[in-house]
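J.: Can you read through this structure? Questions will come right after.
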Amino acid sequence: MLEQNKKGFKLFIILLLAYMAVHVLYKKIFLQFIDMPMQFSVMLQMISYIVLGSVGVVLFWNELKEGISLWKEHIGKTLCFFVVAYVLDILLSNLAFFPIMLLNPEYQSLNEHSVAELQGKFPALLLIIALGIMGPVTEEVIFRIAPISLTEKKGKRIIVVLVTAVLFMLVHMHAFTVEEFLYNIPHFVTGLVYGIVMVLSRNVTIPILLHIMNNLPAIVVATLFL
């Protein structure tokens, strides 16, 4: 078991470095100095989501199978965890938006502008699969499934949930400004909710489904209806 954890940890580090290279070094640092077409940046992001998400599914296939079996064996309990986490995420995330609404109600993050710019530039199905499904899968593997699953002690898992929630917020920030920080506090809240529900339910599929339900509707509306 210890050797298996060591191997899983090494593979996770490789996965994490690949994610950071595309979504932090390239998107948040490299693009500050070199002007690249948005289509290229989005395509690179989508490719990384599809590849890294697929690798993550393979690495943690046993945990995913166990989560699916929990849905079959304990549908009521699992559904209760899912619904409670979904409602809490909506309520707490909306509450977390109040500071930025008070400071600057007109503020829009770069993410919103990027989604609006995608319309008509890529096939809708590709955007839905890459950004609406595989994006959440990738981020859940990176920020929840891998670090929490590879942490054996319950006390340390609490710290891991807190730290990964902070990292989840930071990776979604596009500038170190007060407005951008306040705008992304809901990501911290979401990270906490997803991490806590995974620890309590012991089901890695719940945060994945929650994340997909959070992302997918916006992508579908932006690509098909707007």
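J.: Running a GNM on the chain with Cα contacts under 10 Å, which residue among M173, M198, M38 ends up with the highest mean-square fluctuation?
T.: Of M173, M198, M38, the Gaussian network model singles out M38 as fluctuating most.
J.: Enter the angle in degrees (range 0 to 90, nearest 10) between the Cα long axis of helix 154-171 and the first principal axis of the Cα atoms of the chain, meaning the one along which they spread out most.
T.: 10 degrees
J.: Applying a 10 Å radius around every beta-carbon, put 175-188, 9-22 in order of their mean neighbour count, most first. Intermediate values should be presented prior to the final figure.
T.: Values: 175-188: 17.0, 9-22: 15.0.
Per-residue Cβ counts within 10 Å, averaged per peptide and sorted highest first, yield 175-188, 9-22.
J.: Which of F81, F143, F168 moves the most in a Gaussian network model of the chain with Cα springs under 10 Å?
T.: F81
J.: Which FRET efficiency, nearest 0.05, do S69 and A124 yield, Cβ-Cβ r, R0 30 Å?
T.: Numbers: r = 33 Å, r/R0 = 1.11.
Efficiency computed from Cβ-Cβ geometry: 0.35.
J.: May I pose another question? Mind pulling the angle between the C-alpha long axis of helix 185-201 and the longest principal axis of the chain? Nearest 10 degrees, somewhere in 0 to 90.
T.: With rounding to tens, the tilt is 20 degrees.
J.: While we're here: Would you mind calculating the gained length between L25 and V84 on full extension (0.36 nm times residue separation, minus the Cα-Cα distance), in nm to one decimal?
T.: 17.7 nm
J.: Oh, and also: Using 0.36 nm per residue, how much length does the chain from K77 to M38 gain when fully extended, once their Cα-Cα distance is taken away?
T.: 9.7 nm
J.: Determine the per residue accessible area of the chain with all protein chains present and a 1.4 angstrom probe, expressed in square angstrom.
T.: Per residue, the chain has 56 Å² of solvent-accessible surface.
J.: Treating the angle as unsigned and between 0 and 90°, give the value, to the nearest 10°, between the Cα long axis of helix 75-96 and the longest Cα principal axis of the chain.
T.: Value to nearest ten degrees: 30.
J.: In whole percent, how big is the carbon plus sulfur part of the accessible area of the chain, probe 1.4 Å, protein atoms only? Before the final figure, lay out the partial values.
T.: Values: 9210 of 12650 Å².
Here carbon and sulfur together make up 73 percent of the probe-accessible area.
J.: Modelling each spin label as a point 7 Å along the Cα-to-Cβ direction, I'd like the V166/V220 distance in nm, to one decimal.
T.: Distance between label points: 3.7 nm.
The values are calculated or read from the model by the stated rules, or taken from the named source; none is laboratory data. Bear in mind that the values here come from a model prediction, so they are computed numbers and not experimental data. No Cβ is skipped: glycine too gets one built from the backbone with ideal geometry, and neighbour counts run over all protein chains shown. The protein model used for the area step is the full one, side chains on, heavy atoms only, and it has no ligands, DNA or RNA in it. Shrake-Rupley method; radii C 1.70, N 1.55, O 1.52, S 1.80 Å.
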